[in-house]
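Remarks on the structure that follows.
Readers should treat all values here as calculations from the given coordinates under stated rules, not as data from a laboratory. Because the structure is a prediction, the values reported are computed rather than measured. Ideal geometry is used to build each Cβ from the backbone, glycine not excepted, and the neighbour counts take in all protein chains shown.
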Amino acid sequence: MGGGPARVALGALLTQQRHELEQAELAAALLAEEYRAEAAEAAVHDLVEVVTGASAVTHRFLQLQLGATEEVCALVTGKPIAVSGLENDAEEQAAGRGVRYRVVIEREVLSLPSGLLELSAALGREERVRVADRVPTKLVVADRTLAMVPLTGRGAEPAAIVVHASGLLESLMGLFESVWRDALPLRLGAGAQITEDEAPGPDAVDLEILSLLLAGMTDASVAKQLDLGLRTVQRRVKGLMELSGVSTRLQLGWHAYEKGWVARG
């Protein structure tokens, strides 16, 4: 029967070619998978950058503020994110460009030696500051497109991650809004305007005292922070209670909100 060997040879050739084609397809699939993995890895690198070293962290922190054009949101815990007097300069420059600031500070910050002084300066720049019992983490978000979070590892060297626009950034912004919503507003900034003149309504010092008391500070702490005598603070609180026609401090707090002396908005 003619053609038998030729058919066998052709069949063998086709089998070999099919095998080579399958190998080529497999190689192409592996290359495509490797490319996808590399592309995904590159995308992740584009979304998150790690900054290490005190000076690098400070520099990136300032860059974030100076690069903002609309709003900077920050959560502040007891210890500063980067110890540098340059931060205030960056805030002033940003505020001068019309950048809004919303800041939530942990109550512990109020007890730091320079805490209230820095807050008064911040509020003088029309920043909105609120206080919370606990702030979950330090955080800075610029224009809802860049966020910076310190890394708290075992190493002594400061480090932080910068997160670019992504689902993770949205989660961090959501965290800020949640803390902001539950925090109490602070009203400061009387500074050198402190006077003992009695007026038929709360003056700037009264409002500072009231705001700090509502934030959970004791009479003694308020007196110390505002550089007033303890009896002066207590006398002013008593005067506010008489002015409001209430008999307890709790009622005074409600009255202060109702009258708009302190506000959540």
**Prompt:** Pulled fully out, how much extra length does the chain show between GLN23 and ILE161, if you take 0.36 nm times their separation in residues and subtract their Cα-Cα distance?
**Reply:** 45.4 nm
**Message:** Using amide H atoms built in the peptide plane, which far-off residues or other-chain residues are under 5 Å from ASP203 H to H?
**Reply:** none
**Item:** Note, ³J(HN,Hα) from phi for the stretch 16-21, Karplus 6.51, -1.76, 1.60, rounded to Hz, x at Gly and Pro
**Value:** 5, 5, 5, 5, 5, 5
**Request:** Determine, for each peptide in 231-242, 12-23, 211-222, the mean count of other beta carbons within 10 angstrom over its residues, then list the peptides with the highest first.
**Result:** 211-222, 231-242, 12-23
**Net lengthening on full extension, GLN234/ARG249 (0.36 nm per residue, minus Cα-Cα)** = 4.3 nm
**Message:** Cβ neighbours within 10 Å, averaged per peptide: list 5-11, 144-150 in order, most packed at the top.
**Reply:** 144-150, 5-11
